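A short reminder: the numbers here are calculations on the coordinates, not readings from a lab. Just so we're clear, the structure is a prediction, and the values are computed from it rather than from any experiment. Heads up, the Cβs are rebuilt from the backbone with ideal geometry, glycines too, and the neighbour counts pull from every protein chain shown.
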Amino acid sequence: MDDRVRITVLGAGCEVGRSCVYVERENSCLMFDCGLHPALSGVGALPVFEAVDISKVQVCLVTHFHLDHCGAVPYLLSKTKFNGRILMTPATKSICHLLWTDYARMEQLLTVKTIFNDDDESMDELVCGSGLYSFEDVEHALDRIETIDFHQEITVNDMKISCYRAGHVLGACMFLIEIGGVRILYTGDYSMEKDRHLPSAEIPLTNVHLLISESTYGIRVHEERSQREMRFLHVVMDIIMRNGKCLLPVFALGRSQEILLILDDYWENNKQLHNVPIFYISPLASKSLKVYETFVGQCGEYIKQSVYNGFNPFNFKFVRYARSIKQIRNYLLRDGPCIIMTSPGMLQGGPSLEVFELLCPDNRNGVVLTGYAVKGTLADELKKDPELINLGTKVIKPRCSVEQISFSAHADYNQTKGFIKKLSVPNVILVHGERNEMKRMKDKLEEDIPQLTVFMPEVLQEVTLTFTPQCFIDTIGSLSSDLQLLDSTTLGGVFSVLDGNKEIDEVVSAVLLKDKDERIIYSDDVKEFDNLSINALNQKMFFTFPHKLEYLVKALKSVYNKVELISENEANVLDQVKLYKPNNQLLLTWESGPVSDFIADSIILMVIKLVTSNDSVMEEVKVNSSMNIEESFLKFTEIQLLQKFGTSLEKDDRILKYKLKDDELKEVYLTINLGLREVMSEDEKIKRNIMDIINHCKQHTTSNHILI
């Protein structure tokens, strides 16, 4: 068996863009994400598929709808030898449909400069007009895509795949993969910060051997959320107060919805702004908002509470939608303030670049960069406050103000470090970050967490790790939330049930499901998580019982500490067996099971003894319920041995002597010392059977609070 896991970065290695990570172990092969590079064009924007045998990939897992993570999926399915499965969340699929269709629809986008060779004419291609894929390719891709819900587990060949919320954007997820006992968590882009429209990322409560994590912000630490919003609104208001126009370049979907919520709320509370228009230029605007309304259950508490109160928070009161710049050109050319939100977020072409060209000569206007800017894009260049900007067809001198106040939902250093510590993961591979930022993060993580091994591979660089095969058994349903792994360094370690802030050991009764995988689940959850049908066998037994029911109850209290006399003719033993006494009949009812059957057997034995005994014996068996623990154990065990083997030859305090017959009908003598829990006999088989009975009694009576 090959214990090595090979990871090859096909994109986003020491760079941001074209995220794609190839993972292989033995006969299992998968790929995380399949994106395009925003600063490159044509086939140069694709992951380096040629570096691996793409036909071996059994599944591609797409974390979210941003094009640098999903943009190359139609190309992968129509232009390569890939024949595996594609998995993403339902919300991601819905928005990918919109983005891919829009991408294929666009015939032209302004020329993009590359950071590799500004003079290379071969790079002067059109990102969206490069013919990477067509409408037909998009439809073909959508037909092939399968969806996976948060916390759902899907098996592909020998790989177990599940996903967790990642924050970041609607539908974004992290993927947890188990291959041959090795668990790998791929974060994609994630955010540990709650905002208006999305909850923060989840942290899987399981052992992870390898974390593949984004490193977008390196060792930077985010400004506190409320302060960032105040600073953003202050900058926007400063531009408006000088009668300027404010350009907010954004991704078409994702952070734009968060910024729209902030602006609309601020405009609502400031009447003097009601005449200042907010324009959102996007051909996808109305369609995308319908997607958000559809998946409102995956949004944050602010959105859910608004909907619960009968208010649609995405029905913006002060936002005007436009499909193109042409519809608002008059506003852009005339005097007066306004807000313009449009894509792409890095000004690499399209409407945002066109609006920028119109606004940048006027020093009253301003640009606020609200997202991450990849090197080689105009947004990144503007951060350096350049004297001149080369737009390919012309050179311009920017006079407008430029500010960067990022609402990009990526984890900062402290959040990444905290995430790693909570996972207790020993190995981390950093992707999706600029080389210098990534190196600083690697060094800082290894300094702050000495036991951590961190890798930062370049594109096409392979990382090979060896893991010792280990076996897992999963808990699902309510049991998963009830159990916490105490020792995260020991796989299959000790579980504890949480009781407030205390941790207490407790025996858990559950069902083992075994199909392709083995899973433990509460029996009550089986219907929800498995197709297995559940049947209950309700048992009834009648006896002639001429005595009062209270006599039987008193006798049973010598064995069990929870025997309730409900009425003169009704009793309950350990909430497992019910007793009814109509006239001279005694009825026992119980739902068949290992514990309840055991209890019913002991009650039946007690009934038989009472019915067949004379009055003196009746008085004898009315044992005081305050009997001490050891005496109760002895009494209960004697009852079980009597039922199994009959009356003993000799009894001396806690020592019982029996004469039995073995499998060959030969007589065998044995001595049972209940005080020492020992059995002495030459026949090992009989000896084991007796010890099993003693241990069985102890185990079951303990778990059911029997006095032993």
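Couple of notes before you dig in:
- The range 311-332-the range 49-105 distance, computed between alpha-carbon centres (Å): 31
- Spin-label pair MET241/GLU570, simplified geometry with 7 Å Cα→Cβ offset, distance in nm: 7.7
- For the range 512-615, applying the loop criterion from DSSP together with a ceiling of 15 other beta carbons within 10 Å to the trypsin sites (Lys or Arg not before Pro) yields LYS516, LYS548, LYS562.
- FRET efficiency, 1/(1 + (r/R0)^6) with R0 45 Å, evaluated for GLN305 and ASN27 via beta carbons: 0.40
- Shape call, the range 17-66: gyration tensor on alpha carbons, a/c limit 1.5: oblate
- Exposure proxy shown here: for PHE251, PHE295, PHE316, the number of other Cβ atoms within 10 Å sets the order, fewest to most, as PHE295, PHE316, PHE251.
- At R0 = 41 Å, FRET efficiency that the Cβ-Cβ distance of GLU293 and LYS326 yields, to 0.05: 0.90
- Ranking of THR637, THR342, THR393, THR155 by count of other Cβ atoms within 10 Å, fewest first: THR393, THR155, THR637, THR342
- Centre-to-centre separation between the Cα atoms of the range 128-157 and those of the range 424-439: 28 Å.
- Packing order of peptides 274-281, 96-103, 70-77, highest average first: 70-77, 96-103, 274-281 (average count of other Cβ atoms within 10 Å over each peptide's residues).
- Reachable lysines, given that their alpha-carbon falls under 28 Å from the alpha-carbon of LYS421 and they are not under 8 places away in the same chain: LYS160, LYS194, LYS439, LYS442, LYS444, LYS502
- A simple packing score, the average count of other Cβ atoms within 10 Å per residue, orders the peptides 357-370, 437-450 as 357-370, 437-450, with the highest score first.
- Here the label points at ASN269 and LYS651, each 7 Å from Cα along the C-beta direction, are separated by 8.1 nm in the simple model.
- Going from the fewest other Cβ atoms within 10 Å to the most, the residues ILE690, ILE240 appear in the order ILE240, ILE690.
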